Structure formats: structure tokens, C-alpha cells
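**Student:** Encoded as C-alpha cells, here's the structure I'll be asking about.
Values quoted throughout were computed directly from the atomic coordinates according to the rules given, and no laboratory measurement underlies them. What you see is a predicted model, and the numbers here were worked out from it, not measured in a lab. Here the Cβ positions follow ideal geometry from the backbone for every residue, glycine too, while neighbour counts run over all protein chains shown.
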């Protein structure tokens, strides 16, 4: 194909436009082509995720990576130009923040899988880039005495604020649920007669509108669970039920769902300047998992937290005890004289 123009740059632009039109004609205008950019691929891929009904939290994470890392870095690169060395160099440039680099690689891997399916590239170049392993961190869990001390700080904070951190922390301690799950609980999820609380959803922020909404399912399928509540916490909730006027257990002052970010901000303020500064609701979740693991077993911790696999519970939530090799009696025989 060739096109003419008054100048060489103009001829190049006209030719490029004609090529795009030809490709669109051959593909029906809906499929990606080698001339498509990575930004265009990202848009197609996000549309596919919506069709697959990807969890809102995951979709938000992926959108953020695309918006803040991928598009600014390589968004204008055409798919035919997305070589293994180029993508590898881009990802290595993100390694200042390993978590961001790992997320970007995951997103690009799935994006180029779509490009491969649509025939825009012959193979997925991201597969050959350097893998980015998560940094292994040892799980540290705060002691139960520290949890009680923090809850005392919440009582003091609640006296001067509309926060209800003490009661919210009681629920977190009794269930090990995520904060978003706790704030999404409605009275219809509580069976007062049996003392069972159903975890049926979580709070998410719509990535497009920026509005808070209740997602009708937890973070994962395994997150759907029923939890029998301790008597003290069931009593607290029963009293709140009597005094409630809204359908949610922990409503905002205006009767809407309470923003998790606001609750986390109040949490930080309550422990600011203390030895517990930096501790979060997730520390309560880890404490519940470790306590159950010690007394009942890892399967109990997995079920309580709503994980699909105990591997996740062990890796991120349970503090492992250092095992002591006790073979001193056997080894003592080595010191005995053969005479």
C-alpha cells in the first residue's frame, strides 16, 4: 500500500491512517491488531473483565496499575513493538516498588493473553520477562493482652467521637473478618436465636463513580460463611439491634454504609502516639487465625477467615512457632564411654 502527500510526514500520516482503515475492515473493527497500542489493549481487556464479573476490589487494583504505571510507561507502544526486552526493561524499572512491579506483570500477562487470542501477537511476550516473586515476610501477631489494651484505647476514643471503634473491634476479634465485611453486615445477616452471623458481602468503591457500595458477595467464593458468635459479642449485637433504626449493623451518622477509609482513619487516631501505632484491623484478623491454629488447628483458622485454601492462612495470617528439636536423650548416648 502507498499514499501520497505534500510532505513526507504528511504522506506517512495518510499511509498510517489508510493502514488502520484496512486492518479495521479485515477484522470487523472490533479486534486488536499489531498496530493497536498497549493502551487500547488495556481498554479491551478491562471490558472483558467486566463480562467475566471480576471482583470489584481486584478490578480496582488492576485499573490502578494500568492508570498509574502501564499507560504512562508503555501505553503508546504498539503491540508489534512490544518485544520481550522492552517489556522486561519496563518491569525492571518498577522494581523500586516490588509489589507494583508484580501487579503490573500480572496485568500485562493477562492483557497479552487477550492479544494472543485475537491474533494481534504471535505469542505472549510477558511470559519470558523476569518473574517477580513476593518478598517473604514472617508473620508477626500481637498478643491478646495488646488487643485488650488497644480496645481500651478505643473506648476512650469513642467517648469523644462518633466512631464505635470498641464495638467494631469486638466484632473483628470475634469473627476475624475483614473490615469491609464487618461494615457490610446487615441485621438480616444475623440469626439472633442461633447466634450465627452470615458473612455475605463486603464494601467496595466503584472505580468509575467513586461511590461506596455493598458488593453482594465477599472477596472470594470461600468468603461466604456462617460464624457462631461468642456470647459476649452476641449480647452486644442484640443490644444494638434493639436500638437500631437502619438496616446495617454499623451505619454512618446519616444512615448509609460507613466508609472503611473513615473508620481506618479513626482507628489510627485512637492509637496514635502509643506503642500500638501502625497496627490495623488486619492485626486482629491475624491474631484470630493464630489463636485458632494453636488451639484447634489450621483448618479452623481457614474456615473462620473464609479462605479457599489453608496455604493462604498459613502464609499470611498465622504466626508459626519455632519448633525445638528434642533429641537430647538420644544424642546423650554419643557421650557415653564404650569402656
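**Student:** Please compute the modelled spin-label separation between residue 213 and residue 330, points set 7 Å along Cα→Cβ, answer in nm with one decimal.
**Tutor:** Going by the 7 Å Cα→Cβ label model, 6.1 nm.
**Student:** Restricting to Cα pairs below 8 Å that are 6+ residues apart, what does the relative contact order work out to for the stretch 195-316? Please round to a whole percent. Before the final figure, lay out each step's value.
**Tutor:** Numbers: 124 pairs, mean separation 25.2, N = 122.
Normalised by residue count, the contact order of the stretch 195-316 is 21 percent.
**Student:** State the volume of the convex hull built on the alpha-carbon positions of the stretch 44-185, expressed per residue in Å³ and rounded to an integer.
**Tutor:** Measuring per residue, one finds 167 Å³ for the Cα hull of the stretch 44-185.
**Student:** How much length would be gained if the chain were fully extended between residue 261 and residue 50, taking 0.36 nm per residue of separation minus their Cα-Cα distance, in nm to one decimal?
**Tutor:** On the way: separation 211, 0.36 × 211 = 75.96 nm, distance 2.50 nm.
Answer, rounded to one decimal: 73.5 nm.
**Student:** Once every DSSP H run of n ≥ 4 in the chain is given -39500 (n - 2.57) and the sum is divided by its residues, what mean residue ellipticity at 222 nm do you get, rounded to the nearest 500 deg cm²/dmol?
**Tutor:** Numbers: 15 runs with 168 residues, N = 339.
Helix-only estimate at 222 nm: -15000 deg cm²/dmol.
**Student:** Additional query: For the chain, with a Gaussian network of springs between Cα atoms less than 10 Å apart, report the residue from 213, 304, 239 with the top mean-square fluctuation.
**Tutor:** It is 239.
**Student:** Nearest 10 degrees, 0 to 90: what angle lies between the long axis of helix 144-158 and the longest principal axis of the chain (Cα atoms)?
**Tutor:** So the helix axis and the longest Cα principal axis differ by about 80 degrees.
**Student:** Can you figure out the FRET efficiency of residue 242 with residue 300, using R₀ = 22 Å and their beta-carbon distance, to the nearest 0.05? Show your work: numbers first, answer last.
**Tutor:** On the way: r = 32 Å, r/R0 = 1.44.
According to the calculation, E is roughly 0.10.
**Student:** A follow-up question, please. I'd like the distance between the alpha-carbon centres of the stretch 235-258 and the stretch 154-220, rounded to an integer number of Å.
**Tutor:** 10
**Student:** Give the calculated FRET efficiency between residue 159 and residue 95 to the nearest 0.05, with a Förster radius of 30 Å applied to their Cβ-Cβ distance.
**Tutor:** Values: r = 47 Å, r/R0 = 1.55.
The formula returns an efficiency of 0.05 here.
**Student:** How large is the Kirkwood hydrodynamic radius of the stretch 144-316, counting all unique pairs of alpha carbons, in Å?
**Tutor:** Computed over the stretch 144-316, the radius equals 16.6 Å.
**Student:** Related question: Can you give the angle from 0 to 90° between the axis of helix 165-175 and the longest principal axis of the chain, with both taken from C-alpha atoms, to the nearest 10?
**Tutor:** Between helix and principal axis, roughly 90 degrees.
**Student:** Rank these for me by crowding, 319, 47, going from fewest to most other beta carbons within 10 Å. Provide the component values of the computation, followed by the final result.
**Tutor:** Values: 319 16, 47 10.
Ascending Cβ contact count within 10 Å gives the list 47, 319.
**Student:** Which of 158, 272, 30 ends up with the largest GNM mean-square fluctuation for the chain, with Cα atoms connected below 10 Å?
**Tutor:** 30
**Student:** Mind checking which of 163, 263, 131 has the largest fluctuation in a GNM of the chain, springs on alpha carbons under 10 Å?
**Tutor:** Of the options given, 131 has the highest mean-square fluctuation.
**Student:** If you fit an axis through the alpha-carbon atoms of helix 281-295 and take the longest principal axis of the Cα set of the chain, what angle between them do you get, 0 to 90°, nearest 10?
**Tutor:** The angle comes out at about 60 degrees.
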